[in-house]
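Step one of this worksheet: look at the structure below.
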2 protein chains.
Amino acid sequence: MTLMVDDELSLVFSALADPTRRAILARLARGDATANQLAEPFAMTQQAVSKHLKVLEHARLISRTRSAQSRPCALDTVRLDAAASWIAEHRRVWAERYDRLDEHLAALRGERETGHGR
Amino acid sequence: MTLMVDDELSLVFSALADPTRRAILARLARGDATANQLAEPFAMTQQAVSKHLKVLEHARLISRTRSAQSRPCALDTVRLDAAASWIAEHRRVWAERYDRLDEHLAALRGERETGHGR
């Protein structure tokens with residue numbers, strides 16, 4: 001379980017709330033790429049890509065090599081996993097709640113069949 | 001697989017990018033609640049809660065009964081699942097990529113041990 005303060009999770013979800021940034025992450029999931037390589041398929045200016053990369057880097061969804069001149073970007077999955085964990089956790093609570101409701105309804109049906117609860 | 005246009009997914013991630021809205025969803029995962037009930041634990045004005053609920057409703061993360069005067073809120077999990085799917089899908093591509101890298105490295109090691117590839 002990754003511990004994250006609430007603000008960090010907000011940064012991650014906020015960074016994911018843009019189709020271009022999600023497309024950049026989808027591209028990086030297939031392999032590291034430089035800002036130039038990322039700009040190509042989107043027909044975007046270098047400046048626009050750079051802005052998106054900064055948001056993704058700030059949310060720690062990507063990491064960039066500091067030393068190399070081309071500074072290739074790599075997907076950093078720790079925060080992505082934490083975001084998925086948050087959703088899964090609350091989805092699980094919700095599902096359990098409905099499992100309990102199902103059990104309760106099944107119990108009620110059982111009572112009705114055996115003549116109890118009337 | 002739920003089909004969603006990009007903008008809908010952006011709305012979902014954007015709605016999740018706020019700690020109070022995530023706390024509201026966490027509360028609703030445990031059971032439906034009215035706006036009044038939701039406002040209590042957060043020490044928020046009715047107006048502030050109402051604003052958050054509108055964002056969640058617009059992203060279709062919650063649904064509200066139109067008829068009843070109290071208009072209880074319920075978690076709507078379809079969009080939440082779609083958001084989780086997006087993350088899981090790209091996480092999978094990334095993981096497969098590293099599995100392939102592992103296989104490649106294992107193959108290289110095998111070659112080295114048998115004297116090939118030198």
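The values are calculated or read from the model by the stated rules, or taken from the named source; none is laboratory data. Owing to the predicted nature of the structure, the values given are computational and were not obtained by experimental measurement. Every residue, glycine as well, gets a Cβ built from its backbone with ideal geometry; the counts of neighbours run over all protein chains shown. SASA here: full protein model, heavy atoms, side chains in, ligands and nucleic acids out. Shrake-Rupley method; radii C 1.70, N 1.55, O 1.52, S 1.80 Å.
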As a check on your grasp of the helix formula, calculate [θ] at 222 nm for the protein assembly as shown: sum -39500 (n - 2.57) over DSSP H runs of n ≥ 4, divide by the residue count, round to the nearest 500. -22500 deg cm²/dmol
Tell me the angle of helix A:77-113 to the major Cα principal axis of chain A, expressed in degrees between 0 and 90 and rounded to the nearest ten. 10 degrees
Which chain A residue comes nearest the axis with its C-beta when you rotate A onto B, and by how many angstrom? A:F13, 2
Peptide B:51-64, shielding by other chains (average Cβ, 10 Å cutoff): 0
When Cβ neighbours within 10 Å are restricted to other protein chains, what is their mean count per residue of peptide B:19-31? 4
Relative contact order for chain A: what percent, with Cα pairs under 8 Å and sequence separation of 6 or more? 26 percent
Given the protein assembly as shown, report the % of alpha carbon pairs whose separation exceeds 31 Å. 39 percent
List the residues, sorted by chain then number, that are 5 or more residues from A:T34 or on another chain and whose placed amide H is less than 5 Å from its amide H. A:C73
What is the Å³ per residue value for the convex hull set by the Cα atoms of region A:2-114? 138 Å³
Please state the relative contact order of region A:61-118 as a whole percent: Cα pairs under 8 Å, 6+ residues apart? 20 percent
Multiply the residue separation of B:D99 and B:Q47 by 0.36 nm, subtract the distance between their alpha-carbon atoms, and state the gained length in nm to one decimal. 13.7 nm
Order of A:56-65, B:93-102 by packing, highest average Cβ count within 10 Å first? A:56-65, B:93-102
Heavy-atom accessible surface buried between A and B, both sides counted, 1.4 angstrom probe, nearest 100 Å², is 2700 Å²
Taking each residue in B:88-97, count the Cβ atoms of any other chain within 10 Å of its Cβ, then average. What number comes out? 5
Apply 1/(1 + (r/R0)^6) to the Cβ-Cβ distance of B:T65 and B:R92, taking R0 = 41 Å, and write down the FRET efficiency to the nearest 0.05. 0.65
Amide H proximity to A:D76 below 5 Å, modelled H, separation 5+ or other chain, gives A:I62, A:S63
All Cα pairs of region B:77-118, percent lying beyond 16 Å: 56 percent
